[in-house]
Amino acid sequence: MKKKFGLLPTMIVLVSLILSGVQGFIRFSVEKNQKEVEILANYSDIKKAAETYEESIESVVKRLKDAGVTGVLIKEQTIKTAVPNSMTSWEEQGEVTAFSGAELKILGMMDGIDLATIIPSHYYIWISDDSVRSTIKEHLGYKLGEYDEITINNEVFLDTGVSNNAILNLGTGYPMGDLKIIADQGLTISPQIRSWANVTEEALEYVLKDVESIPNLGTVYFNDATVPGFDLPIMVEFAQKHRVGIIEFFSEKQKGLYTLIRKASRGGADFNTIRLHTMTDGETSTLTPAQVVDRYLLAATERNMKALLVKMPNSGEPQKDYNDWFKIVEEIRQELGQKGYTIAANPKSINIPLSNPFIIWFIGFGPIFMLVLFGRWVDKEKWSWILVLGGLFVWTGLLKLRPVLARQLMALAASILYPTWAVITCMDREKKSWKEVILTFLKICLISLGGALTIIGLLSQTSSVLAIDMFRGAKVAHVIPLILVLLLLAYKRGELEVHKIKKFLLNPISYLTLVVVGILGIALIIYVQRTGNTGQTSTYEVMFRNALRKILGVRPRTKEFLIGHPLMLMMLYYGYKEKYFPLLIGAIIGQISLVNTYAHIHTPIIISLIRSFHGIWIGVIGGVILILIMNWIIKLGRRWNLWEG
């Protein structure tokens with residue numbers, strides 16, 4: 001009976017991993033069928049091209065469609081543009097002219113305008129087209145509440161009040177004539193709605209009806225830092241009827257967008273949304289066409305992007321940029337086709353079936369009962385059971401009250417505990433044979449992947465795949481295992497006894513020690529800073545990464561195959577000694593990276609598996625080479641009497 005009870009923690013961990021595997025298989029089955037991608041062009045680019053090269057909008061759109069474009073993204077037009085030559089305002093299209101009162105007074109002195117009716121501090125807008133005037137008047141009426149019309153020399157002007165750039169940058173509708181031409185070519189129209197101050201339900205209803213009148217309406221995006229009326233029922237209803245888009249690297253900063261998407265998801269069962277990738281204007285002027293194509297392919301294949309907004313290049317050679325635009329679109333279409341993707345308007349939204357709450361609850365038992373295994377390893381099993389009971393209580397309560405947060409925290413725990421357990425249980429002081437080294441290394445990787453599997457089981461939900469509810473604590477997950485492994489190994493050797501700690505603290509510190517500690521500190525800072533999506537990479541590193549991806553299809557992580565795995569093999573081959581602890585830290589990094597690869601839930605599982613596979617086999621080769629070099633150095637040193645045996 002006691003033996004069976006002793007197996008209980010291990011059995012619970014195994015069942016947790018099996019259930020995680022089931023969740024992962026469900027997600028994998030959904031992902032493998034998600035092979036539709038749409039290619040969008042910017043309306044502003046189309047408009048600029050038509051004017052610059054004296055072509056009709058229809059002919060430019062037809063060429064884009066033939067190349068592979070399926071839709072057009074258009075920002076809601078403003079009265080006056082904040083960015084010159086952006087083609088996002090009525091003024092740039094020649095439909096509107098905005099004057100300050102002071103400017104009109106100057107003109108009045110020359111043209112005999114009645115100056116008495118002009119207030120210098122006001123803005124006056126002259127609109128040539130009746131339909132555009134009607135649209136702008138309605139938007140100003142709903143969003144500002146009031147404005148005046150005055151007639152100057154038989155011309156009607158809109159008096160928008162005291163000079164305010166916010167008024168001129170207010171969204172005021174869309175050029176419906178141009179959009180009809182584009183829609184008639186079979187392309188979808190994806191508007192980007194602008195925000196405004198003091199949103200009312202009446203104004204929002206008008207804006208949304210204006211959007212719904214757009215022909216061949218596609219995915220709807222938002223332009224500004226706040227989504228207008230995101231908490232109003234009418235906006236939630238709109239988001240349930242029409243697809244709402246997420247713009248990579250921008251939408252996470254948009255207040256209210258994720259709240260709106262969650263509310264419209266019908267309890268998480270139907271997320272009617274896709275993610276869009278595009279490039280900054282700066283990147284369109286610096287990257288080559290080949291680099292641009294690579295960026296978009298990477299976004300679609302490795303980050304589940306369903307919409308690619310391909311901007312016209314801006315290298316300073318207008319004719320070349322124009323021709324390259326079509327070539328880039330066509331190459332993206334062809335490359336994606338070769339990879340099994342279908343270019344389609346309105347690609348299907350990804351939706352992973354809702355998980356059974358009981359399964360999620362039990363998956364969380366895995367990391368919790370790992371604590372018993374740790375407790376046995378340090379001969380403190382009784383205390384570990386207290387931690388387990390507390391963990392079960394907290395996990396159950398948090399899962400009920402804050403389910404997303406509970407899953408994120410348990411995934412973080414798995415990312416810490418499994419690689420830590422893998423290293424401390426497989427690392428010893430004895431030298432190993434080549435066969436033992438390889439088998440032990442693979443065992444370490446397999447145990448670490450238990451953490452990866454648990455992350456998959458807990459976070460394989462649609463909101464995580466869409467990067468709405470992301471893995472939390474990436475930097476913590478990269479640092480804590482380093483500390484835990486060193487502390488646990490030291491404890492096992494009896495080096496954490498009070499008198500030994502006291503003796504260590506009272507030891508004199510040499511300059512060499514300070515230098516070593518300083519180097520390790522700097523290395524740790526760099527390591528942490530480069531964790532996640534915010535780390536900076538050099539030009540040479542980017543070239544190296546791109547070369548690896550072209551050769552292997554999926555790029556393995558440098559921290560694994562170049563640092564962590566070779567050092568782990570070396571530690572296993574020679575046996576761990578206390579003086580090697582800096583090398584052990586490097587070895588642990590490989591296992592941490594291996595697990596955290598799967599914390600990028602927006603990356604398809606198959607891509608992560610291929611990445612890990614490449615990292616392991618290349619890391620093994622690198623480790624073997626490193627050991628052979630070290631053996632040669634050791635042999636050379638003995639021959640020259642540089643060190644003893």
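The values are calculated or read from the model by the stated rules, or taken from the named source; none is laboratory data. Predicted, not measured: the structure shown is a model, and the values here were computed from it. Please note: Cβ atoms are built from the backbone with ideal geometry, for glycine as well, and neighbour counts cover all protein chains shown. Surface accessibility is based on the protein's heavy atoms, side chains included, excluding ligands, DNA and RNA. Shrake-Rupley method; radii C 1.70, N 1.55, O 1.52, S 1.80 Å.
List of remarks:
Rundown of residues vs (1) within 27 Å of TYR221 (Cβ to Cβ); (2) modelled with pLDDT under 80, yes/no style:
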site: VAL132; (1), (2): yes, no
site: GLU138; (1), (2): yes, no
site: TYR142; (1), (2): yes, no
site: PHE157; (1), (2): no, no
site: LEU168; (1), (2): yes, yes
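- Restricting attention to the stretch 196-212, the residues that are open to solvent by 70 Å² or more (accessible area, probe 1.4 Å) and either within 25 Å of GLY71 (Cβ to Cβ) or basic (Lys, Arg) (or both) add up to 2.
- Residue that is open to solvent by 80 Å² or more (accessible area, probe 1.4 Å) and within 26 Å of TYR574 (Cβ to Cβ), where the choices are ILE629, ILE634: ILE629
- Per this entry, ILE447 is not counted among residues that are over 20 Å from ALA413 (Cα atoms), out of contact with any strand residue (DSSP E or B) (no Cβ under 9 Å at 6 or more places or on another chain) and of a type outside the set (Phe, Trp, Tyr).
- Looking across the stretch 392-433 at every residue that is of a type in the set (Phe, Trp, Tyr) and without any contact (Cβ under 8 Å) to a residue 60 or more places away in the chain, the one that is surrounded by the most Cβ atoms within 10 Å (Cβ to Cβ) is identified as TRP421.
- Within the stretch 19-54, considering residues that are polar (S, T, N, Q) and not in a helix (DSSP H, G or I), the one farthest from THR301 (Cα to Cα): ASN42
- Residue list for the stretch 245-272, filter: under 13 Å from ILE350 (Cα atoms) and of a type in the set (D, E, K, R): ASP270
- Of all residue pairs spaced 6 or more apart or on separate chains, those with beta-carbon atoms under 8 Å, a first member in the stretch 181-206 that is more than 22 Å from ILE39 (Cβ to Cβ) and among the hydrophobic types (A, V, I, L, M, F, W, C) and a second member that is open to solvent by 70 Å² or more (accessible area, probe 1.4 Å) and in a helix (DSSP H, G or I) are ALA203/TYR142.
- Scanning the stretch 224-244 for residues that are open to solvent by less than 20 Å² (accessible area, probe 1.4 Å) and part of a loop (DSSP other than H, G, I, E, B) returns VAL227, PRO228, GLY229.
- Selected residue (criterion: modelled with the highest pLDDT) from residues of the stretch 305-339 that are over 23 Å from the mean Cα position of the chain (by Cα) and small (Gly, Ala, Ser): GLY337
- Checking each residue of the stretch 361-376 against the condition of being open to solvent by 60 Å² or more (accessible area, probe 1.4 Å), within 30 Å of SER59 (Cα to Cα) and not polar (S, T, N, Q) gives no match.
- Evaluating ILE601 against the criteria (1) surrounded by 13 or more Cβ atoms within 10 Å (Cβ to Cβ); (2) hydrophobic (A, V, I, L, M, F, W, C); (3) within 20 Å of VAL437 (Cα to Cα) leaves one unmet condition, (3).
- Residues considered: TYR43, TYR53. Of these, the only one that is open to solvent by 20 Å² or more (accessible area, probe 1.4 Å) and aromatic (Phe, Trp, Tyr) is TYR53.
- Qualifying positions in the stretch 303-321 - touching a helix residue (DSSP H, G or I) at 6+ places or on another chain (Cβ under 6 Å) and either within 29 Å of PRO604 (Cβ to Cβ) or open to solvent by less than 50 Å² (accessible area, probe 1.4 Å) (or both): MET305, LEU308, VAL310, LYS311, MET312, PRO313
- Of the listed requirements (1) outside any loop (DSSP other than H, G, I, E, B); (2) crowded, with 20+ Cβ neighbours inside 10 Å; (3) aliphatic (A, V, I, L, M), VAL69 misses just one: (1).
- Failed item, numbered, when SER384 is tested on (1) touching a helix residue (DSSP H, G or I) at 6+ places or on another chain (Cβ under 8 Å); (2) open to solvent by 40 Å² or more (accessible area, probe 1.4 Å); (3) of a type outside the set (Asp, Glu): (2)
- Selection within the stretch 333-382 - within 24 Å of ARG243 (Cα to Cα) and either without any contact (Cβ under 8 Å) to a residue 60 or more places away in the chain or in contact with a strand residue (DSSP E or B) (Cβ under 7 Å, 6 or more places away or on another chain) (or both): ARG333, LEU336, TYR341, THR342, ILE343, ALA344, ALA345, ASN346, PRO347, LYS348, SER349
- Within the stretch 434-479, the set of residues being open to solvent by 10 Å² or more (accessible area, probe 1.4 Å), more than 26 Å from the chain's Cα centre (by Cα) and not β-branched (Val, Ile, Thr) comprises TRP434, LYS435, GLU436, LEU439, LEU442, LYS443, LEU446.
- Residues satisfying the stated conditions in the stretch 599-624, i.e. over 30 Å from ILE350 (Cα atoms) and among the hydrophobic types (A, V, I, L, M, F, W, C): ILE616, TRP617, ILE618, VAL620, ILE621, VAL624
- All told, THR558 meets the bar of being open to solvent by 10 Å² or more (accessible area, probe 1.4 Å) and either closer than 21 Å to TYR418 by Cα or under 27 Å from the mean Cα position of the chain (by Cα) (or both).
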